Amino acid sequence: MIINKPYIETREDQTYLISKIKDEVSNIEEDVFFAVPNEYGNYLCDEVADAFVVAMLLPALVSKQDIYINAPISEILFYQIENNLTYTLSKVFEKKPIKIIPKSTITLNFNPTAVATGFSGGIDSFTTVLQHTQDVTDNLILTNLTLFNVGSYGNDYKKTQVTFAEDIKRAKSISNIFGLPLLTIDSNFNLFYNNREEKIFNFSPRSTMCLIAGVLSLQKFFKYYFISSTGTIEDIKLSKHDQYYYEWLVTSFLSNNNSQIIIANSDLNRVEKTKYIADNKIVKNNLYVCAADIYNEKHYTQYKKDTSPNCSECIKCLRTLITLDLLGKIEHYSNRFDLEKYRKHKDSIFINVLANYKKDHFLKEIHDLMIETNYQIPKKYKIKASLFKLRNRLARIQLIRVIYRFIFRNK
Ligand SMILES: [Zn+2]
């Protein structure tokens with residue numbers, strides 16, 4: 001794989017940091033860009049290829065290509081990638097480590113000053129924003145909110161533009177309330193993640209690295225960049241299914257002397273975060289946790305957001321609703337969720353928690369909350385959950401029988 005020297009170009013109201021990248025296996029050659037509104041254009045970093053290297057590491061690793069860089073790369077980043085990151089990723093994705101061959105290494109001091117975090121409007125990002133606007137020391141108080149199009153909206157750049165624009169509108173209205181300017185970064189590098197055969201086709205197995213690529217494109221701007229934790233630190237493990245499991249390692253390996261990338265709130269699980277933010281007025285009026293669009297696109301569900309901003313049917317909505325319900329705060333959120341819909345599904349949601357909490361850490365947190373709040377579990381829930389577990393057990397036995405018969409017949 002070849003990454004060419006980045007350069008900067010202004011087109012209408014956006015400024016682009018561009019590098020021509022060639023994938024020598026798929027033979028794709030494209031101008032890959034990170035684009036920001038013109039007022040942030042001066043902060044784009046074309047002196048080093050750091051952002052592009054981080055964006056291309058996984059596509060290169062899974063297609064077994066070394067990366068040749070016709071530009072300098074930050075010295076400490078090169079050291080970390082060579083010594084720690086490619087080895088870690090090779091273990092995660094069961095591939096051989098690759099080599100990075102830069103034109104040179106360099107240490108530049110841009111003295112950035114911004115303190116920022118991404119803002120989606122969900123439980124994790126609200127927790128990080130509330131903490132870093134009131135409960136931290138002065139130097140760590142947020143100066144900006146951000147929204148990146150670096151993979152979470154899908155790999156097809158054109159298709160990402162509709163949802164990204166909608167999310168920008170929502171994030172802008174909240175950034176105005178907090179008085180924190182919203183910085184957007186748009187990128188097309190996900191075109192190199194289009195191989196459905198590979199785990200990295202999906203966003204979760206590479207989410208942290210994609211965000212960091214965005215941060216490093218603007219390392220003249222970001223001094224501290226907080227990424228909201230998805231879980232708590234005891235979840236740490238190398239997993240190819242979701243990069244959050246080892247996000248603490250990735251952020252440590254990919255920080256440099258300009259931009260330090262930090263995982264926020266890794267001491268709070270989702271229920272504890274919900275408790276932390278649930279009484280805040282801005283949260284009550286703006287909480288958005290819904291993943292209906294993603295589920296409808298990737299899993300062909302038909303969740304509807306016609307009666308409230310959050311669909312109140314997808315698993316992310318339901319987990320939030322049951323938590324708010326157990327905390328006695330659900331009525332405060334009647335303008336964000338369709339509570340009628342929730343009440344219709346309520347029995348099955350509680351039964352799902354009882355039947356599956358040992359297999360799912362998010363459900364386990366909710367089960368713990370049931371105990372903590374002294375929730376009196378109705379008998380019908382207990383019976384149905386037991387029947388549900390029994391049915392699953394029988395289905396597994398049936399499956400083993402079928403497999404056994406199949407093997408026996410083929411001998
Ligand atoms: Zn939803």
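The values are calculated or read from the model by the stated rules, or taken from the named source; none is laboratory data. Note that the structure is predicted; figures quoted are calculated from it, not measured. Because the Cβ atoms are built from the backbone with ideal geometry, glycine has one as well, and the counts that use them run over all protein chains shown.
For the reader, a short list of remarks on this structure follows.
- Selection status of Gly231, buried (at least 22 other Cβ atoms within 10 Å of the Cβ), at pLDDT below 95 and out of contact with any Asp or Glu (no Cβ under 6 Å at 6 or more places or on another chain): no
- Matching residues in segment 250-271 - criterion: being surrounded by 18 or more Cβ atoms within 10 Å (Cβ to Cβ) and assigned to a helix (DSSP H, G or I): Val250, Thr251, Phe253, Arg270, Val271
- Of all residues making up segment 33-47, the number that are within 23 Å of the chain's Cα centre (by Cα) and surrounded by fewer than 16 Cβ atoms within 10 Å (Cβ to Cβ): 1
- For segment 301-316, the criterion of being assigned to a helix (DSSP H, G or I) and in the same structural domain as Val115 (by TED's automatic domain parsing) is met by no residue.
- Subset tally (residues that are buried (at least 19 other Cβ atoms within 10 Å of the Cβ), among the polar types (S, T, N, Q) and within 12 Å of the ligand (Cβ to nearest atom)) for segment 286-330: 4
- Among (1) of a type outside the set (A, V, I, L, M, F, W, C); (2) under 25 Å from Asn4 (Cα atoms); (3) in contact with a helix residue (DSSP H, G or I) (Cβ under 6 Å, 6 or more places away or on another chain), the one test that Asp156 misses: (3)
- Scanning segment 189-204 for residues that are within 16 Å of Met1 (Cβ to Cβ) and assigned to a loop (DSSP other than H, G, I, E, B) yields a count of 3.
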